[in-house]
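Notes to accompany the following structure.
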Amino acid sequence: MLIYGPDPTLLFFPSMLAVVTLIGCCLLRTLTEPAIFAKETSCDCRAPHERLTIKQACRGTPVDRPVRVYADGIFDLFHSGHARALMQAKNLFPNTYLIVGVCSDELTHKYKGFTVMDESERYEALRHCRYVDEVVRDAPWTLSHDFLHKHKIDFVAHDDIPYSSAGSEDVYKHIKEAGMFVPTQRTEGISTSDLITRIVRDYDVYARRNLQRGYTAKELNVSYINEKKYRLQNQVDRMKEKVRTVEEKSKHFVYRVEEKSHDLIQKWEEKSREFIGNFLELFGPDGTWKQVFQERSGRMISYALSPRGSPCSSPPREHSPLRSPSPPPSPSARWHSARPSPPPSPKGASASISSMSEGDEDEK
């Protein structure tokens, strides 16, 4: 006999989708919101609590709850060493719920000493660490059975070095004997004491910096003489910085001048080569100027060897209009002309030649 009804798979998938959505919302809230503060009455875990062994926790925890791990401390000047210790505690088991206890100022000042951050600042610093699920304020210095039962703690995580305090050689001795202690590794080179040591060592530097930022000497607990000394040192440092800046600028200027001079010398060399090449092309052994000079000298020599002839249209000497007709010769002149003339002397010849030249000039 067949019974018709809704397909069971159609009823399974919507419920599964709702579960996945709820888990996604829980994860999103865990990643975006800070850790919660523990309630003073009891923990929120309503399932019956049976403390697990380390073997059971490593194999896999019960379905209804995670492994509840507790880590406590002062957490003053919260730094990377604190965060790494909490990361180790969070990753001890596949499914871990990390509870962090922070001691109050009263207990800390009584058993350890003065802190830089007050208790409210230390609480808030722990809340914003991504490995922390819950923060216990005013945590006890020594863990009692009632405290462990109240918060349903399975294991306590801390470094394995014996922590002597409050008249005890190791405050975690009874936790170790009960098999609830899980050790973590300390991060070398970083601790709250190291940070305070750095500040004390470089106190003058930090005091000068804070005075420069506007803090008063009273706020820094600095005397009047030290305040004046720090301010003078700040002025000297500013002058050194200005001198250093000027030196850098002058070096840059000299570098630019060297670059410019190098460019100018290179351009001058190129122009000088070009000028010398043009000069040699013009005045060299086979240059243009020599060819021009040879052509002109050849024309002058040919002109000297074959001068131009006189014009054929010049009037004859006897018909020149500038000379007047000479009168007829007298008888005495005829007689003198009939007599033979003596040979001319050199002086007379030169005189006749000069007279002839004068006559030619007059004729011209």
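The values are calculated or read from the model by the stated rules, or taken from the named source; none is laboratory data. Predicted model only: the values in this text are computed from it and were never measured. Cβ: placed from backbone, ideal geometry, glycine included. Neighbour counts: every protein chain shown. In case anyone asks, the SASA skips ligands and DNA or RNA and just uses the protein heavy atoms, side chains included. Shrake-Rupley method; radii C 1.70, N 1.55, O 1.52, S 1.80 Å.
Using a 1.4 Å probe and counting only protein heavy atoms, arrange Arg127, Arg122, Arg201 so the residue with the most accessible area comes first.
On the way: Arg127 50, Arg122 0, Arg201 165 Å².
In descending accessible area the options line up as Arg201, Arg127, Arg122.
Over 25 Å between Cα atoms, which of Lys229/Lys249; Lys55/Lys150; Lys240/Lys260 qualify?
Numbers: Lys229/Lys249 30 Å; Lys55/Lys150 23 Å; Lys240/Lys260 30 Å.
Violating the 25 Å limit, Cα to Cα: Lys229/Lys249; Lys240/Lys260.
Counting only the heavy atoms of the protein chains, how much of Arg299 is accessible to a 1.4 Å probe, in Å² to the nearest 10?
Taking all protein chains as shown, Arg299 has close to 140 Å².
Taking K and R as +1 and D and E as -1, what net charge do the other residues with C-beta under 14 Å from the C-beta of Gly179 add up to? Intermediate results must be reported in sequence, preceding the final value.
Values: positive: Arg51, Lys55, Lys173, Lys176; negative: Asp154, Glu177.
Result for the neighbourhood of Gly179: +2.
In whole percent, and with a 1.4 Å probe on the protein chains, what portion of the accessible area of the range 173-246 is carbon and sulfur?
53 percent
Within a Cβ distance under 13 Å of Tyr163, other residues only, what is the Lys/Arg minus Asp/Glu net charge? Intermediate results must be reported in sequence, preceding the final value.
Values: positive: Lys112, Lys173, Lys176, Arg186; negative: Asp72, Asp159, Asp160, Glu169, Asp170.
Result for the neighbourhood of Tyr163: -1.
Please work out how much accessible surface Cys103 shows to a 1.4 Å probe, ignoring ligands, DNA and RNA, in Å² rounded to 10.
The value for Cys103 is about 10 Å².
Report the FRET efficiency, 1/(1 + (r/R0)^6), for Asp146 and Asp194, where r is their Cβ-Cβ distance and R0 is 35 Å, rounded to 0.05.
On the way: r = 36 Å, r/R0 = 1.02.
Between Asp146 and Asp194 the formula returns 0.45.
Below 14 angstrom from the Cβ of Val222, what's the summed charge of the other residues (Lys, Arg +1; Asp, Glu -1)? The partial results should precede the final answer.
Numbers: positive: Arg208, Arg209, Arg213, Lys218, Lys228, Lys229, Arg231; negative: Asp204, Glu219, Glu227.
Charge balance near Val222 sits at +4.
Rounded to the nearest whole Å², what accessible area per residue is found for the range 73-226 with the 1.4 Å probe? Numbers along the way, then the final one.
On the way: 8920 Å² over 154 residues.
I get 58 Å² per residue for this part.
In sequence order, what are the phi-derived ³J(HN,Hα) couplings for the range 148-161 according to the Karplus relation 6.51 cos²θ - 1.76 cosθ + 1.60 with θ = phi - 60°, rounded to whole Hz, with x for glycine and proline?
Values, residue by residue: 5, 6, 4, 9, 6, 8, 8, 9, 10, 10, 6, 5, 7, 5 Hz.
Could you give the length gained on full extension between Ser250 and Lys229, defined as 0.36 nm per residue of separation minus the Cα-Cα distance, in nm? Mind dumping the intermediate values first?
Details: separation 21, 0.36 × 21 = 7.56 nm, distance 3.14 nm.
Between Ser250 and Lys229, full extension yields an extra 4.4 nm.
Long-range amide H contacts for Phe37: which residues qualify at under 5 Å (H placed 1.01 Å from N, peptide plane, sequence gap of 5 or more or a different chain)?
Under 5 Å from the amide H of Phe37 lie the amide H atoms of Val135, each far enough along the sequence or on another chain.
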